[in-house]
Amino acid sequence: MPELPKSKVGIIACSGEEIPEGTITRLAALKVLESLRPHETVTICLPLFLAGGEGDRAFARLHPTIAVDGCEKRCAARGTETYSGKPAVSIVVNERASTDDSGLGSARKLSKAGMQVVNDIADQIAHDVDQLLDLKQNRRRGPQVEGSESRNESKSRHAPCSCGSEIPTLTLQIAGREVTLIALPLLFAQFRRAGKSPNDATKFELMRAVRVYNSISNADETSYEEAIMQEYSAFCARSH
Amino acid sequence: MKGKVLIVPCSGIGKSLGSVAREGSYAVTEELCPDRTRLMPLALLVLGEKETRTELSSAAAITIDGCVKACAAKVVEGAGGTVVHALQVLDVCRRHPNVKPSRISELDNNGHKLARALAEEVRVLVDSIQEEVPHA
Amino acid sequence: MPEVNLKVTVDKFTFQIPKGLSYSDAGLWVKLEGARARVGLSDFAQQSSGDVAFTKIKPVGTALDRGDELGEIETVKVNVSFPSPVKGKIVEINPSLEETAELVNQDLYGKGWLTVIELADWESDQRGLLDARSYSALVKDQAEAEMKK
């Protein structure tokens, strides 16, 4: 039984050429990739991603991603969601930059203030990377799943991975339809090993972990929570 | 063909030639042919906005790709654009063999030279698209 | 083109390693064709070297021992020379690479071959080469080491 994919976070920047905020996303992402968190992050090239780069898309499906956009159009976040899944974190520079457009310099050449925003955004990205990986690392202690019994409501399978190994999945009945959730058996095993009983605190943590690998809309959250916690309770009962 | 020519760089983040494509595009649209070209961000094409698609479908595009995967050319074609010239920075590299850029985030001297050479080639292509004679 | 079989994925990079070929640890693939061997760059070697701008293979007629320099590829990132995986004489150089060196990146196991060598001691050469499974283990180690740099 494979483990969860090795801990890394994908950074996808819009690199928009028309506004300085686009250049800021590019430079901030590169700063994280090259110096702040070089071993913990992977760059996802947005043009390649959009053009059909399967390696990048597969990576973004199985690893948490941070989308960094220059403006509210959120091209990087929307592209990621379209082709792989909702990013774990979405940063929009012009919502965070404290200097107005003219103070940042031009898209081609940022001002000193613009470079300071680059540093601030890079620090934010690095912090988010740490948060995401801390989540994953705490859950990685645990035995491999021995095997989950299939029930009428849930089916255990494997999601194909481009490396040829397979990430376990579980299909649940959620709000009257079948939903396949990536990595759920492994998450259950890790939470169980960590001694987490099926309660509200565990529910919060588990849902946060599930969201790293699966896209869940806010509207569906309650029904997902119910189904996942029910399944986790059954998993814990079987493991006794 | 009249009207502004769209310049669409890939701006790929993983390679230095992506940065060269980006800088070369700025040189074309801001210095060499500012009134005859417009830079179109590739990322915008993912949104599928009507305005962008209309502009794309009614103009000639020159795509500039930093690697052989040719993402800008593919995405523009997929979005309904007319790619009149699909430039590869690697080909410009071959024509200037001693000019090798080494950085991505900030172009070094070689990177800027290559970007300039690229921009000059694009200018010639813009001229040919618009059937204008270059000024002396 | 040989049937692709083994794959190694590290981060977002996937390296294809066809069965039925042999590999040198320097990253060249070798396909036995009677008394000759066709040689090219493996997927890991071409991905880590970058987009190929030029190839410079030793001329036709050059006699090589295993380990002698076979040629060099020039990419945007690096100039990389490769040691010959076999002993023999160069009898053919891929003419397409003069105009379209990017075939080495785009069709590396097919039209992007580098050279054909007439073999002098295949039995001995074979012992120094890796099969696909052993090579994929090596690629995994090399790729992971590369990511840590």
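The values are calculated or read from the model by the stated rules, or taken from the named source; none is laboratory data. All figures in this text were calculated on a predicted structure; none of them were measured in a lab. Cβ sites come from the backbone with ideal geometry, for glycine too, and all protein chains shown count toward neighbours.
Listed values, structure above:
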item: Test: residue B:52 is within 24 Å of residue A:73 (Cα to Cα), more than 10 Å from chain A (Cβ to nearest Cβ) and among the β-branched types (Val, Ile, Thr); result: yes
item: Every pair of residues 6+ apart whose Cβ atoms lie under 7 Å, when the first sits in the stretch A:76-87 and is at the interface with another protein chain (Cβ under 9 Å from one of its Cβ atoms) while the second is among the small types (Gly, Ala, Ser); result: A:76/A:13; A:76/A:67; A:76/B:43
item: Failed criterion for residue C:43 (all others in (1) away from every other protein chain (no Cβ under 14 Å); (2) modelled with pLDDT of 95 or more hold); result: (1)
item: Options B:45, B:17, B:32, B:39: the member that is within 19 Å of residue B:110 (Cβ to Cβ), in contact (Cβ under 8 Å) with a residue 24 or more places away in the chain and hydrophobic (A, V, I, L, M, F, W, C); result: B:17
item: Count of the stretch B:97-107 residues which are more than 10 Å from chain A (Cβ to nearest Cβ) and surrounded by 14 or more Cβ atoms within 10 Å (Cβ to Cβ); result: 4
item: Count of the stretch A:18-54 residues which are crowded, with 20+ Cβ neighbours inside 10 Å, in a helix (DSSP H, G or I) and either touching a residue at least 60 places away in the same chain (Cβ under 8 Å) or within 9 Å of chain C (Cβ to nearest Cβ) (or both); result: 10
item: Failed criterion for residue B:61 (all others in (1) within 10 Å of another protein chain (Cβ to nearest Cβ); (2) modelled with pLDDT of 95 or more hold); result: (1)
item: The listed residue being more than 10 Å from every other protein chain (Cβ to nearest Cβ) and of a type in the set (Val, Ile, Thr), out of B:8, B:68, B:83; result: B:83
item: Filtered residues of the stretch A:183-213 (kept if assigned to a loop (DSSP other than H, G, I, E, B) and touching a helix residue (DSSP H, G or I) at 6+ places or on another chain (Cβ under 8 Å)); result: A:183, A:194, A:196, A:197, A:198
item: Single match in C:64, C:97, C:103, C:41 (criterion: in contact with a Ser or Thr (Cβ under 9 Å, 6 or more places away or on another chain), farther than 30 Å from residue B:115 by Cα and either of a type in the set (A, V, I, L, M) or crowded, with 20+ Cβ neighbours inside 10 Å (or both)); result: C:64
item: Residues being surrounded by 18 or more Cβ atoms within 10 Å (Cβ to Cβ) and either on the phi > 0 side of the Ramachandran plot or assigned to a strand (DSSP E or B) (or both) - total across the stretch C:17-35; result: 7
item: Test for residue C:11: is it within 14 Å of chain A (Cβ to nearest Cβ) and either touching a residue at least 24 places away in the same chain (Cβ under 8 Å) or crowded, with 22+ Cβ neighbours inside 10 Å (or both); result: yes
item: Selection count where residues are assigned to a helix (DSSP H, G or I) and away from chain C (no Cβ under 14 Å), scope the stretch A:55-75; result: 1
